[in-house]
Amino acid sequence: MHASGRQTVTVEYIETAALDADGLALLSQTLSDEERARAARFHFERDRSVYIVGHALMRDMLARAVGGSAHDFAFTTGAHGKPEAVLAASAPRLRINLSHTRGLAAVAMTQDVDVGVDVEWMARDSDLLNIAERFFAVDERRQLALAAETDRRDCFFAFWTLKEAYIKAIGLGLAMPLADFSFQLETLRIAFADHVDDDPDDWHFLHRRLSHDHALSLAVRHKGGPAPDVQITPTDLARLLRG
């Protein structure tokens with residue numbers, strides 16, 4: 001996944017509204033027994049649907065990258081739940097990350113380096129300033145407070161998805177306090193508290209609105225050289241259903 005010396009990151013996403021019950025059942029067949037059992041435990045159909053779609057997409061992207069059947073892939077998970085695909089020794093070392101939220105799932109894939117993706121549904125009715133007060137770094141809370149009220153929701157979800165993408169990339173999840181690092185939205189550059197052993201120059205970030213109600217952020221470990229070539233595309237649903 002290197003093009004002209006640049007790291008390539010592929011991100012695909014799909015909105016679950018595009019799927020009917022038959023399509024969802026077809027995608028469910030590509031999941032493992034364990035994944036189907038987990039999907040069945042979701043209380044709300046919308047959560048079950050987006051879980052199935054996300055995992056089916058992740059398997060499909062791996063199959064297109066290394067061959068084989070989407071159903072046959074196995075995964076290990078880190079201590080905080082980050083998935084890693086189990087691949088043959090001869091296969092490229094693909095790194096993959098999955099995120100899903102109400103109505104949308106996204107998968108990011110690259111080779112060799114850490115990658116994290118987060119998508120969020122922005123239409124939720126939440127006290128954003130209160131959430132920021134609890135979880136954001138001081139500088140982020142200041143930026144959010146200074147944002148025009150019409151821009152505040154976009155600003156909040158930019159911070160939130162960027163922070164989630166980073167902690168997913170390093171595999172720690174919420175075990176790393178969100179206030180231990182902060183972002184400048186104009187530059188998409190990260191800064192760390194003094195006790196955090198990480199270097200801002202090692203990271204490349206991207207933030208994008210995918211729809212009126214959905215935001216995505218991407219974190220890629222990036223050590224020198226040109227910036228990664230990030231390709232973000234909606235999934236070809238017809239092709240995905242064909243398998």
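When residues of segment 110-121 are filtered for being crowded, with 20+ Cβ neighbours inside 10 Å and more than 30 Å from Ala91 (Cβ to Cβ), how many remain?
1
Within segment 67-107, work out how many residues are outside any strand (DSSP E or B) and not small (Gly, Ala, Ser).
Within segment 67-107, residues that are outside any strand (DSSP E or B) and not small (Gly, Ala, Ser) number 9.
Go through (1) basic (Lys, Arg); (2) over 26 Å from His71 (Cβ atoms); (3) out of contact with any helix residue (DSSP H, G or I) (no Cβ under 7 Å at 6 or more places or on another chain) for Arg141 and report which single condition fails.
For Arg141, the exception is condition (3).
I'd like to check something: does segment 201-216 contain any residue that is in a strand (DSSP E or B), in contact with a Leu (Cβ under 6 Å, 6 or more places away or on another chain) and in contact (Cβ under 8 Å) with a residue 60 or more places away in the chain?
yes
Take Thr110 and tell me if it is touching a residue at least 60 places away in the same chain (Cβ under 8 Å) and either assigned to a loop (DSSP other than H, G, I, E, B) or of a type in the set (Ser, Thr, Tyr) (or both).
yes
Just name the residue that is farthest from the chain's Cα centre (by Cα) out of those in segment 162-194 that are surrounded by fewer than 15 Cβ atoms within 10 Å (Cβ to Cβ) and farther than 18 Å from Phe135 by Cβ.
Step by step, filter segment 162-194, then rank; the result is Asp194.
Here, each number is a calculation from the coordinates, and none is a lab measurement. Quick caveat, the model's predicted, so the values are computed rather than measured. Here the Cβ is made from the backbone with ideal geometry for all residues, glycine too, and neighbour counts use every protein chain on show.
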